[in-house]
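Notes to accompany the following structure.
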């Protein structure tokens, strides 16, 4: 498929790596939102061997937020359609059947933070900075995504101030799993991806559904949802291969069935 102009990607065995590529700072606009939505919605058609996706950014920054020129023409009449496209881009990442790891360098602000927080895991480069600067430019949004990375008190601080905060300050809250030197960022994210990709692809798909489904559920309904997916998984050959290989003390051979 060659329908993408602002996203570059390649597949290397069990790992796919994609880059946002809209110079100079990967600011999101209508086209980039549309391509993010298309890319992640069509991953099952694009990938043949990959089980995990790493999402990075070309240039100096992961994503410096929304193209402000689009906000200049935003009004109550055209806002619904434009905002829906942004939502659908974020949801395409979140709902992707593949675990997605954000590899963040430079800044991830506004829509860039939402993109990173829509991923399953975030690895950051030293000096990376995060912000929800929407109040600075007369819009709102991003706080709910930010709550996937930091607790509510920090969400409110970042959202009210609109200031940049270093990844090192956010690391203790758990939303960022690791901070590495910039030159090691992609390798670190891909190494984490490989540690995930050693598992069965069918199990990973169901695990992604499970984690999304229970994220905001209470204990009882969440666990019942997980059990329902265990029931579904038990009908797959990979489920039996996993337990048999464990008991036989051998490396499992998964078929994706």
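The values are calculated or read from the model by the stated rules, or taken from the named source; none is laboratory data. Just so we're clear, the structure is a prediction, and the values are computed from it rather than from any experiment. Note that each Cβ is placed from the backbone with ideal geometry, even for glycine, and that neighbours are counted across all protein chains shown.
Which condition number in (1) more than 16 Å from the chain's Cα centre (by Cα); (2) more than 19 Å from residue 24 (Cβ to Cβ) is the one that residue 69 fails?
(2)
Here is a check on your reading of the model: is residue 149 part of a loop (DSSP other than H, G, I, E, B), without any contact (Cβ under 8 Å) to a residue 40 or more places away in the chain and crowded, with 17+ Cβ neighbours inside 10 Å?
Yes, satisfied.
If you go through segment 192-206 one residue at a time, how many are without any contact (Cβ under 8 Å) to a residue 60 or more places away in the chain and buried (at least 17 other Cβ atoms within 10 Å of the Cβ)?
Residues flagged as without any contact (Cβ under 8 Å) to a residue 60 or more places away in the chain and buried (at least 17 other Cβ atoms within 10 Å of the Cβ) within segment 192-206 amount to 4.
So, residue 32, is that one crowded, with 16+ Cβ neighbours inside 10 Å and either on the phi > 0 side of the Ramachandran plot or out of contact with any strand residue (DSSP E or B) (no Cβ under 6 Å at 6 or more places or on another chain) (or both) or not?
Answer is yes for this residue.
Here are 213, 141, 175: which of them is at pLDDT below 95 and surrounded by 15 or more Cβ atoms within 10 Å (Cβ to Cβ)?
Values: 213 fails: at pLDDT below 95; 175 fails: at pLDDT below 95.
The match here is 141.
Right, residue 256: at positive phi and either loosely packed, with under 12 Cβ neighbours inside 10 Å or not in a helix (DSSP H, G or I) (or both) or not? Write out each step before concluding.
On the way: at positive phi: yes; either loosely packed, with under 12 Cβ neighbours inside 10 Å or not in a helix (DSSP H, G or I) (or both): yes.
So residue 256 passes the test.
Going residue by residue through segment 52-71, is there one that turns out to be under 27 Å from residue 13 (Cα atoms), modelled with pLDDT of 95 or more and in a helix (DSSP H, G or I)?
Pass one, segment 52-71, residues under 27 Å from residue 13 (Cα atoms): 52-59, 61-63.
Applying the additional criterion that residues be modelled with pLDDT of 95 or more yields 52-59, 61-63.
Checking the rest, the ones that are also in a helix (DSSP H, G or I) come to none.
No, segment 52-71 contains no residue that is under 27 Å from residue 13 (Cα atoms), modelled with pLDDT of 95 or more and in a helix (DSSP H, G or I).
Of these, 174, 138, which one is in the same structural domain as residue 60 (by TED's automatic domain parsing) and closer than 26 Å to residue 23 by Cβ? Break it down into steps so the answer makes sense when it comes.
Values: 174 fails: closer than 26 Å to residue 23 by Cβ.
Checking each option against the conditions leaves just 138.
So which residues in segment 18-42 are touching a helix residue (DSSP H, G or I) at 6+ places or on another chain (Cβ under 9 Å) and in a helix (DSSP H, G or I), if there are any at all?
30, 32, 33, 34, 35, 36, 37, 38, 39, 40, 41
Tell me the residue from 20, 83, 74, 68 that is buried (at least 23 other Cβ atoms within 10 Å of the Cβ) and in the same structural domain as residue 189 (by TED's automatic domain parsing), please. Full working, then the answer.
Values: 83 fails: buried (at least 23 other Cβ atoms within 10 Å of the Cβ); 74 fails: buried (at least 23 other Cβ atoms within 10 Å of the Cβ); 68 fails: buried (at least 23 other Cβ atoms within 10 Å of the Cβ).
That would be 20, the only listed residue that is buried (at least 23 other Cβ atoms within 10 Å of the Cβ) and in the same structural domain as residue 189 (by TED's automatic domain parsing).
Residue-by-condition table, conditions (1) more than 16 Å from the chain's Cα centre (by Cα); (2) surrounded by fewer than 23 Cβ atoms within 10 Å (Cβ to Cβ); (3) assigned by TED's automatic domain parsing to the domain that holds residue 214; (4) under 25 Å from residue 188 (Cβ atoms):
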{"site": "12", "(1), (2), (3), (4)": "yes, yes, no, yes"}
{"site": "40", "(1), (2), (3), (4)": "no, no, no, yes"}
{"site": "47", "(1), (2), (3), (4)": "yes, yes, no, yes"}
{"site": "60", "(1), (2), (3), (4)": "yes, yes, no, yes"}
{"site": "79", "(1), (2), (3), (4)": "yes, yes, no, no"}
{"site": "91", "(1), (2), (3), (4)": "no, yes, no, no"}
{"site": "95", "(1), (2), (3), (4)": "no, yes, no, no"}
{"site": "110", "(1), (2), (3), (4)": "no, no, no, yes"}
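Which numbered condition trips up residue 229, out of (1) surrounded by 14 or more Cβ atoms within 10 Å (Cβ to Cβ); (2) in a helix (DSSP H, G or I); (3) in the same structural domain as residue 106 (by TED's automatic domain parsing)?
All conditions are met except number (3).
Looking at the structure I just gave you, is residue 168 in contact (Cβ under 8 Å) with a residue 12 or more places away in the chain, surrounded by fewer than 18 Cβ atoms within 10 Å (Cβ to Cβ), under 29 Å from residue 48 (Cα atoms) and touching a strand residue (DSSP E or B) at 6+ places or on another chain (Cβ under 8 Å)?
No: the conditions fail for residue 168.
In this structure, is residue 163 surrounded by fewer than 18 Cβ atoms within 10 Å (Cβ to Cβ) and in a loop (DSSP other than H, G, I, E, B)?
Yes.
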